Amino acid sequence: MVATFLFIPSVARTTLSLFACVPLDKASSEPYCAAAVGRYWVLDMGQQCFEGYHAAWAYALGIPLLFVLAVALPLGISLFMWQNRHNLTVPWFSRHYGFLYRQYRPSCCYWEAVVVLQTLLLVAVGVFGVTLGPYYQAIVMNAALALVFALLLVVQPHLHQQTGTVALQGIACLLLTGYATQSFLPYGVVRSDDTQFETYGVVMGVVVLIVNLAFLASVLWQLIKLVDWSQWWAGMHAAPQQLARALPDCCLQWKQPQQQQQTVELWHDALPTASWSIKGMKRSPPVKS
């Protein structure tokens, strides 16, 4: 199930690409003749949109997949988390479904559904923005990122304050990079025939590089501060002994199907986790309504 969420951006791009069309020729009068009037599919510029086999792919495959991604999946996650909102601290539920909510506050356990919609929005801008051109596509992408930034800033869904701070810093870095790199587009500020604007582009490129390096350094520094290296090193030394003690029992119990769940739990308890090596994680303050 965890691997399924990793493929959501790729599946969303493939699904939305089924509806991505661009106009080519416009109808003309005699003696001229337009060869390709109408809108054509970006994945096959020889195929007119919603004609022939493209109509079959778009209606039979694209619409059901779009419904699953945009409606069924976010709604299913929200309903599932709402029904199990009292089981968030139950060990078996956390072990199987913790990847959906463990990084968020209990009141925002549904936030993974919002992340799916955010992913779909950004992918849609990338797919359909091709009809706008690179300059306006970049503007729309920055607007979408600004919306995501505003949601994170207002709702503050992350359980730990450091996680929310890193998320905000990352999106702010993307926004700054997006706005700055518009200077390098053909319709932007930089033009090859103007030395002044070319110098501006070089300077802006250096600024963007420094900002991104500063963000990476900030993330690494926060990780270094949070890890208790003495306990981490002790846990790494103790892990082989713990696994050696658990291995015979696990092999014995695995032969009995009714005890396979207990075997998995035994391995889970024997493996070293990050809980003993993280220190100083601050919980996000409650959001005032």
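The values are calculated or read from the model by the stated rules, or taken from the named source; none is laboratory data. Treat the numbers as computed from the prediction; the structure is a model and nothing was measured. Reconstructed Cβ throughout: ideal geometry from the backbone, glycine too, with neighbour counts over all protein chains shown. To get the accessible areas, we keep the full protein, side chains included, count just its heavy atoms, and leave off ligands, DNA and RNA. Shrake-Rupley method; radii C 1.70, N 1.55, O 1.52, S 1.80 Å.
Across the range 46-195, C-alpha contacts under 8 Å between residues 6 or more apart give a mean separation that, scaled by the residue count, equals a relative contact order of 19 percent. Each of SER94 and LEU209 was given a label point 7 Å from its Cα along the Cα-to-Cβ line. The distance between the two points is 4.6 nm. Calculated FRET efficiency, ALA3 and TYR200, Cβ-Cβ r, R0 45 Å, to nearest 0.05? The calculated FRET efficiency here is 0.50.
Using heavy atoms of the protein chains and a probe of 1.4 Å, the accessible area assigned to ILE8 is about 20 Å².
Ordering MET204, MET81 by accessible surface, largest first, gives MET204, MET81; the 1.4 Å probe counts only protein heavy atoms, with every chain in place. Shown in residue order for the range 57-69 are the 3J(HN,Hα) couplings computed by the Karplus curve 6.51 cos²θ - 1.76 cosθ + 1.60 at θ = phi - 60°: 5, 5, 7, 7, 10, x, 5, x, 5, 5, 5, 5, 6 Hz (x for Gly and Pro). A crude spin-label estimate for the pair LEU223 and LEU176, with each label 7 Å from Cα along the Cβ direction, gives 2.0 nm.
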